[in-house]
1. Please express the Cα-Cα pair-distance distribution P(r) of the range 13-77 as a list of whole percents, one per 10 Å bin, running from 0 to the bin with the greatest distance.
2. Quick one: which residues, 5+ away or cross-chain, put their amide H under 5 Å from the amide H of Val77? H built at 1.01 Å from N.
3. What residues qualify as long-range amide H neighbours of Val89, i.e. H under 5 Å apart, gap of 5 or more or another chain, H built at 1.01 Å from N?
4. So for the pair Thr29, Glu123, with labels modelled 7 Å out along Cα→Cβ, what separation do we get in nm?
5. Using Cβ counts within 10 Å as a stand-in for footprinting exposure, how do Ser135, Ser125 rank, fewest first?
6. Once Lys and Arg get +1 and Asp and Glu get -1 on their Cβ, which of Gln132, Ile67, Val80 lies farthest toward the positive end of the dipole of the chain?
7. Please turn the phi angles of the range 56-72 into ³J(HN,Hα) values with the Karplus equation 6.51 cos²θ - 1.76 cosθ + 1.60 (θ = phi - 60°), one per residue in order, whole Hz, x for glycine and proline.
8. Do you know the Lys pair count in the range 1-130 for C-alpha distances under 29 Å, with sequence separation 8 or more or different chains?
Amino acid sequence: MEKHEEVLVALRQIIRAIDIHSRQLNKDTGLTGPQLVLMKAIKELGEVTIKQLSIHTNMSQATATTILDRLEKRGFVHRVRSQIDKRKVHAHLTESGQKAMTQAPRLLQDSFISRFQNLEQWEQSLLLSSIQRISSMMNAENIDAAPLLEVQELTDPLLSSPATRSR
């Protein structure tokens, strides 16, 4: 196998690992990775606005809002308008949301982060540089992506609504 084929195989393995973990997470909990990330952020930050959540999780406010809509429909989150500033809305975990958080398995990126941080600084820099170069070679460096390891259905953003593009 040629080197470029080995690189493509390794990339495919990464994509498959993310996909398998995502499907298992959804099967086990009924939640997606981004939903758990938002719930974790709400738990960590306490009374939090959508803007604060989107900054903390590196998601757009529209994506965070769509995900919160789904979580609220399922009874995991509720939103309350601020008494001090009526323009602000705060997200809170419900009792069901807190229970789901305690039962949820560790996210794939948490495991990755732990292992990555155990590497020497030079090795972290080497990996970062290499993966950034690959991203550039695939013309992907300008694609908006949060650091959430989840495979989502690829759609043409011009043909689909925001609700179908985010989970």
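1. Whole-percent P(r) values from 0 Å outward: 21, 49, 27, 3.
2. Residues meeting the criterion, in which the H sits 1.01 Å from N, are Glu72, Thr94.
3. Ile50, Ser82
4. If labels sit at Thr29 and Glu123, their model points lie 2.8 nm apart.
5. Starting with the residue having the fewest Cβ neighbours, the order is Ser125, Ser135.
6. The one lying farthest along the dipole's positive direction is Val80.
7. Karplus values, whole Hz, x for Gly and Pro: 5, 9, 6, 10, 5, 5, 5, 5, 4, 5, 4, 5, 4, 4, 5, 5, 5.
8. So the count of such lysine pairs works out to 22.
Only the coordinates and a few stated rules stand behind these numbers; no lab work does. Bear in mind that the values here come from a model prediction, so they are computed numbers and not experimental data. Virtual Cβ from ideal backbone geometry, glycine too; neighbours counted across all protein chains shown.
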